[in-house]
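Single-structure report; data block below.
The values are calculated or read from the model by the stated rules, or taken from the named source; none is laboratory data. Since we're looking at a predicted model, the values are computed, not measured. Cβ placement follows ideal geometry from the backbone for every residue including glycine, while neighbour counts extend to all protein chains displayed. Side chains included, ligands, DNA and RNA excluded: accessible areas come from the protein's heavy atoms. Shrake-Rupley method; radii C 1.70, N 1.55, O 1.52, S 1.80 Å.
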Amino acid sequence: MVRKKGSLILCGAFLFIAWNALLLLYLWGRPPIGRLGEGGGAEPGGKEEWGGMSRGKGGRVNLAGEVIRLAEEVEIQLETQKKLLKQIESYRAVWARQKDIGKRETYDGKEVKELVVHQPTKPPLPLKDGVGDADQTEVKHTQKPVHTIASDFNVEQHQATENKKEIVSNNILATSVGSPEVVIPILVIACDRVTVKRSLDRLIQYRPSPKLYPVIVSQDCGHAETARVIASYGDQVTHISQPDLSDIRVRPEHRKFQGYYKIARHYRWALNQVFNTFSHSTVVIVEDDLEVAPDFFEYFRALYPILRSDPTLWCVSAWNDNGRDALVDPSKAELLYRTDFFPGLGWMLLKEMWDELELKWPSAFWDDWMRQPEQRKDRSCIRPEISRTITFGRKGVSLGQFFDQYLRYIKLNTEFVPFTKQDLSYLRKEKYDEQFIKEIYSAPLVKIEDLQQGGSLKGPGPYRVQYSSRDSFKVFARNLGVMDDLKSGVPRTGYRGIVCFLYRGRRVFLAPPEGWTHYDVSWS
């Protein structure tokens, strides 16, 4: 093999030398470029010689000038050869791409045919509410059967292609075929809570596949006992530690908020690790005081393609801020909404969105910063009727803010919903807005007293209560039992200013007047 390569190299070198020698002889014998009969003038009508043989006294040939002329002509010829080689190379690349595209089209045609003709006839096994069932992610999803004529390939291929296009247009294909290969890491933000064990136990218990859902625990604070708890899980989790544990210089009046500054620093570092060091394309972020529902992984798996394909969405959250037991419908565990309010508390983020946010990431209060219009840019999140996370951490930098009044009463979903087998395309903005606005403003308009007394109302609703100002919203929200605070003018769980919930078993929409256009940041 080595001899063969050596012979080829010698042969190539010989051909190169021979070619250039012939080229020099050819150029030497050529007359100078210029007008004939005038000693090789460079330009038509030129009287002076350029690049040709100049003669000195006595008509002797100027050898140096001739050598220079030859060198210049060799250079011109070499440049011409270089251009030709570049053109050949560019055409070669085009030919290669065309050949590759042709192969891919042939492969795709075969793939579509197999997708339709070789569909499984048996229905998929039902998903279990069990624990650690690694086979759950491998469950096959049924598709509509397409009748094909085996003897007529053209008709068969056409029908198969049309069927594939139809499925691609909704979420079924995206969730059952496209997304199972996507790795969705779970980033656990930890500090000094040894109760992180409760969070990790549930994540590992309900995780269908360690390969598709790696758990990365990022620890700040340097708390040794918490580090030992995390380390006890061995290779079931990846434990990383935020290296900068120093205090952050803040304004004197912000010294009491030092914890918020450290949390923002930790988030930035941890998310950079997930996206830039581990090279993931998405992540679900939970904190060390969150417990997850049995269908937590199923929920995010199904909604990943919706988030990826809809530019009007920027996150998926497992949390309902108004998810108290009395405010949600326990029979509607599959119900999902769009919301303009950033919920957090178990949320999915894409790398592209992090690239946008990381450039201007705040030094503190990152969650309220996310809710500002400069970051939100009229984009929305997906949230559930019944939360897929609950918080058990009263201890923290917020000193139990809202915990005793609201958070401790949030209902955690216990019913496994097979979201990946459902068509979730209704959550795309065009479909959702049309149906949502129609449903809200076709509901009967009632007074809050009617809801509280209930005697004059018949049936479970829905009913609409209208507010027209910040103060009226806060009064109605308090009286109906929902959270009354607004961030940058957006109410918690609100979409187009509308808050949906149950009140004494009736569906209620707390809504602005019809024709709403935008939020008023002065309402915050």
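Amide H to amide H, with H built 1.01 Å from N, residue 215 comes under 5 Å of 186, 238, counting only residues 5 or more places away or on other chains.
Average accessible surface for the stretch 232-343: 39 Å² per residue, computed with a 1.4 Å probe over protein heavy atoms with every protein chain in place. With the simple spin-label model, which puts each label point 7 Å out from Cα in the Cβ direction, the residue 518 to residue 468 separation comes to 2.2 nm.
When the listed pairs 211/421; 332/431; 458/487; 377/447; 429/487; 421/458 are checked against a 29 Å cut-off, the alpha-carbon distance exceeds it for 458/487; 377/447; 421/458. Close amide H pairs (under 5 Å, H built 1.01 Å from N) link residue 496 with 340, residues at least 5 positions away or on another chain. Extension gain, residue 246 to residue 281, is 9.6 nm, computed as 0.36 nm per intervening residue step minus the present C-alpha separation.
Residues in the stretch 277-293 carry Karplus couplings, in order, of 8, 8, 6, 8, 9, 7, 7, 10, 9, 10, 9, 6, 10, 10, 10, 9, 7 Hz; the curve used is 6.51 cos²θ - 1.76 cosθ + 1.60 with θ = phi - 60°, and Gly or Pro positions show x. Ranked by solvent-accessible area (1.4 Å probe, protein heavy atoms only, all chains present), the residues 387, 331 order from largest to smallest as 331, 387. Once the C-beta distance of residue 429 and residue 449 is scaled by a Förster radius of 41 Å, the resulting FRET efficiency is 0.70 to the nearest 0.05. With θ taken as phi - 60° and the Karplus curve 6.51 cos²θ - 1.76 cosθ + 1.60 applied, the whole-hertz 3J(HN,Hα) list for the stretch 345-351 is 6, x, 9, 9, 9, 8, 4 Hz, x standing for glycine and proline. Kindly list the residues of the stretch 312-337 that lie in the label zone of residue 485, defined by a backbone N under 14 Å from the point 7 Å along the Cα-to-C-beta vector. Only 321-322 fall inside the zone, counting backbone N under 14 Å.
The heavy atoms of residue 277 present about 90 square angstrom of accessible area, all protein chains included, probe 1.4 Å. Residues 476, 14, sorted by accessible area with the largest first, give 14, 476 [1.4 Å probe; ligands and nucleic acids excluded]. Given R₀ = 30 Å, FRET efficiency for residue 439-residue 372 by Cβ-Cβ distance, to 0.05? Result of the calculation: an efficiency of 0.55.
Computing Rg and the Kirkwood Rh from the Cα coordinates of the stretch 211-340 gives a ratio, Rg/Rh, of 1.00.
Where both partners of a DSSP beta bridge lie in the stretch 414-520, what percent of those bridges are antiparallel, to the nearest 5? Percentage antiparallel, nearest 5: 60. In the context of the full protein assembly, residue 520 retains an accessible surface of approximately 70 Å², using a probe radius of 1.4 Å and ignoring ligands and nucleic acids.
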